[in-house]
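One structure is given below, encoded as structure tokens.
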Amino acid sequence: MMKTHNCGELRLEHSGQRVTLAGWVNRRRDQGGLIFIDLRDRWGITQVVVDKENAPAAHEIADQVRNEFVIQVTGVVRQRPEGTANADLPTGQIDVYADEIAILSNAKTPPFYINREETVDEALRMRYRYLDLRRPRMQRNLVLRHRAIKFIRDWLDQKGFVEIETPILFKTTPEGARDFLVPSRLNPGKFYALPQSPQQLKQLLMVAGYERYFQIARCFRDEDLRGQRQPEFTQLDMELSFVEREDVMALNEALILALIKAVASEKELLFEPLPRIRYQDAMEQYGTDRPDLRYDLRAIDVSHIAGKSGFRVFVENVEAGKPVKVIRAPGYAAELSGTQLRKVTAELEALAREAGAKGLAYMALPAEPEGEVKGPIGKFFSVEQKLELFENVGAEAGDLLLFISDEREIVYAVIDAIRPNLAERLGLLDPNKLALCWVIDFPMFYWDEENQRWDPSQHMFTMPLPEDIPLLDTDPGAARGSQYDMVCNGHEVAGGSIRIHDRALQEKIFPLIGQTMEHAKEQFGHILEAFEYGVPPHGGIAWGLDRVVALLAGEPNIREVIAFPKTQRGTDAMAQAPSAPEPQQLEELFIQVVLPEEEQA
Ligand code: ASP
């Protein structure tokens, strides 16, 4: 070993020992006869002192080193002189009084500071990711990721699970995205599809009798990289046999709670056990199936009151079956001056319009009981109606009430746009709090207007709730799936279901989702065939592991917990991938590239 200790290790009790350290120069200060070097490795920083009088040769070398040089230092650990200890540094009681220094590698001046926690342009970070990963924040994140995965592996092992790797070169395994294709040189004209998840393979492992499978699995989905998606990402994938919905949920709930306590104990868990919300209730109250429950701000239906008011829009909407809902922002009106109130409500209204609404009405409740309710719609409600309304939504003095009324789908979109925005304004988005919940009873299908067919809301292997199976023939849109999503702070962190294990039922799903039986057999014949050889009832789940780790790390973006993520355009900015292959490579694959005209230039 080229070092006897790491740079985070030495303490007062090592005083007098001769040690060798190696790492990067975090900082160098030249004070004439003395040169101070903060030496850094993954474990920490140790101060090295080089004294010209004591070690002239080492001092000469220390004079040449610059930030990010890699050096090796040998010297004696000593207590720092009186008054120079650094309480912020675990090694701050000591320094290494060096007498030998070797430069192992020079370094150019990095394009951004490694030794300061400051915001660096993301494009630059991605271009020089190996330098970005030297920074303490990224090292913390990647080590946390390692700890989380190790904890999960050990925990599942204890529960009798087996980790089994499944192929990357496979066949389409649809999860609602486009496949990445890989041409096969040995089978000209044929392509593998990279799995969007190990879904089929884990079900086949259940047929094979493994009963409790998991995998830290890489998944590939070629989709437009809206928001924070990554074209390749990591799932904790699992599947169990002889289980019901409750069993899978209970096991995963226990695992995530244990994980948080083990690797992120500083986080405040808001709910334990996890609340369960039906899909329909989630939509009505939060406008989304991934509600952020760190804050309430739920929408409350007031159609029965607003429909009796003198406000024509509400009355007509309620008559037409469109709801009127209120979101109550506690105390917000009391915080805002008249001008601020107009500005805030105009901004919220703009959000509502973006989400498809025609407007957003409000009432600002006075802070004093004698005050006036502000807002253009106040006058359309009688005193009794106002009182009834306030009681229904639990309003208190100084609250801001926002009214949303439109087609139900638009109301959902508006609620979903307003809630997080309000929460941010009210300072309710605390990354140290984790609000976990389950969402259940999803519809099996969503109607795809464009293609005139049903789309599975999860995937085509999901079992309908037993009582809803007859609906597949009569009213597929009303059938609910035996699905469960785990949601944390407004993100879906895991999703799964009990599966169909019956060939006839599986075959019934294909035509509903617009697959001809012929095509289905071509793509999924192996599953249908396997279903003829004794299939245990089974179900499973997959966690978005990148998201889970990001939440544990308190990071807003999953790119911060992936060592080498792709950019928003699906590229690797460091290695310049994807790139054009050599013509010969294409020839071997019998592939010709025909670019759209605008890209030919
Ligand atoms: N395969 C599903 C997914 O990737 C999860 C599951 O049903 O287990 O979302």
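The values are calculated or read from the model by the stated rules, or taken from the named source; none is laboratory data. What you see is a predicted model; the values in this text were computed from it and never measured. Note that we place each Cβ from the backbone using ideal geometry, even for glycine, and neighbour counts take in every protein chain shown. Ligands, DNA and RNA are stripped out before the accessible areas are found, and what is left, the full protein with its side chains, is counted by its heavy atoms. Shrake-Rupley method; radii C 1.70, N 1.55, O 1.52, S 1.80 Å.
Please work out if ILE440 is more than 23 Å from ALA264 (Cβ to Cβ), within 16 Å of the ligand (Cβ to nearest atom), open to solvent by less than 60 Å² (accessible area, probe 1.4 Å) and touching a residue at least 24 places away in the same chain (Cβ under 8 Å). So ILE440 passes the test. Within the option set ASP475, ASP468, ASP485, being among the charged types (D, E, K, R) and within 16 Å of the ligand (Cβ to nearest atom) holds for one residue only, ASP485. Would you confirm whether any residue within segment 362-374 is open to solvent by 10 Å² or more (accessible area, probe 1.4 Å), in contact with a strand residue (DSSP E or B) (Cβ under 8 Å, 6 or more places away or on another chain), part of a loop (DSSP other than H, G, I, E, B) and β-branched (Val, Ile, Thr)? Looking through segment 362-374, at least one residue is open to solvent by 10 Å² or more (accessible area, probe 1.4 Å), in contact with a strand residue (DSSP E or B) (Cβ under 8 Å, 6 or more places away or on another chain), part of a loop (DSSP other than H, G, I, E, B) and β-branched (Val, Ile, Thr). Among the residues of segment 274-287, the ones that are farther than 13 Å from CYS488 by Cα and outside any strand (DSSP E or B) come to 9 in all. Residues in segment 234-269 that are part of a loop (DSSP other than H, G, I, E, B) and touching an Asp or Glu at 6+ places or on another chain (Cβ under 8 Å): PHE242 alone.
Inside segment 547-601, residues that are among the polar types (S, T, N, Q) and within 25 Å of THR119 (Cβ to Cβ) make up a count of 5. Of the candidates SER265, SER241, SER184, SER197, the single residue that is hydroxyl-bearing (Ser, Thr, Tyr), surrounded by fewer than 17 Cβ atoms within 10 Å (Cβ to Cβ) and in contact with a strand residue (DSSP E or B) (Cβ under 9 Å, 6 or more places away or on another chain) is SER184. Note on segment 297-321: among residues that are among the basic types (Lys, Arg) and surrounded by fewer than 18 Cβ atoms within 10 Å (Cβ to Cβ), the one that is nearest to VAL411 (Cα to Cα) is ARG312. Can you tell me which residue is surrounded by the most Cβ atoms within 10 Å (Cβ to Cβ) among those in segment 385-415 that are of a type in the set (Asp, Glu) and more than 21 Å from GLU316 (Cα to Cα)? Step by step, filter segment 385-415, then rank; the result is ASP399. The number of residues in segment 203-233 that are assigned to a loop (DSSP other than H, G, I, E, B), open to solvent by 20 Å² or more (accessible area, probe 1.4 Å) and either within 20 Å of ALA148 (Cα to Cα) or within 14 Å of the ligand (Cβ to nearest atom) (or both) comes to 3. Scanning segment 157-194 for residues that are under 27 Å from the mean Cα position of the chain (by Cα), assigned to a loop (DSSP other than H, G, I, E, B) and basic (Lys, Arg) turns up LYS159, LYS171. The residue list ARG425, ARG453, ARG419 contains one member that is under 30 Å from GLN200 (Cβ atoms), more than 16 Å from the ligand (Cβ to nearest atom), in contact (Cβ under 8 Å) with a residue 40 or more places away in the chain and out of contact with any strand residue (DSSP E or B) (no Cβ under 6 Å at 6 or more places or on another chain), which is ARG453. One residue alone among VAL25, VAL19, VAL50 is of a type outside the set (Asp, Glu) and in contact with a helix residue (DSSP H, G or I) (Cβ under 6 Å, 6 or more places away or on another chain), and that residue is VAL50. Can you spot a residue in segment 330-350 that is open to solvent by less than 20 Å² (accessible area, probe 1.4 Å), touching a residue at least 40 places away in the same chain (Cβ under 8 Å) and part of a loop (DSSP other than H, G, I, E, B)? No, segment 330-350 has no match at all. Restricting the search to segment 30-63, which residues are on the phi > 0 side of the Ramachandran plot and in contact with a Gly (Cβ under 9 Å, 6 or more places away or on another chain)? Matches in segment 30-63: GLY44 only.
Considering only segment 151-162, I want to know if a residue exists there that is surrounded by fewer than 16 Cβ atoms within 10 Å (Cβ to Cβ), modelled with pLDDT of 95 or more and within 16 Å of the ligand (Cβ to nearest atom). No, because not a single residue in segment 151-162 is surrounded by fewer than 16 Cβ atoms within 10 Å (Cβ to Cβ), modelled with pLDDT of 95 or more and within 16 Å of the ligand (Cβ to nearest atom). Based on what the data block shows, is ASP99 in contact (Cβ under 8 Å) with a residue 24 or more places away in the chain and either open to solvent by 50 Å² or more (accessible area, probe 1.4 Å) or more than 24 Å from GLN72 (Cα to Cα) (or both)? Yes; evaluated as a whole, the condition is true for this residue.
Total residues in segment 494-512 satisfying the condition of being in contact (Cβ under 8 Å) with a residue 12 or more places away in the chain and either assigned to a strand (DSSP E or B) or away from the ligand (no atom under 16 Å from the Cβ) (or both): the figure is 13. Within segment 178-198, is there a residue that is out of contact with any Ser or Thr (no Cβ under 8 Å at 6 or more places or on another chain), within 13 Å of the ligand (Cβ to nearest atom) and touching a residue at least 40 places away in the same chain (Cβ under 8 Å)? Within segment 178-198 (the criterion being out of contact with any Ser or Thr (no Cβ under 8 Å at 6 or more places or on another chain), within 13 Å of the ligand (Cβ to nearest atom) and touching a residue at least 40 places away in the same chain (Cβ under 8 Å)), the answer is no, since none of the residues qualifies.
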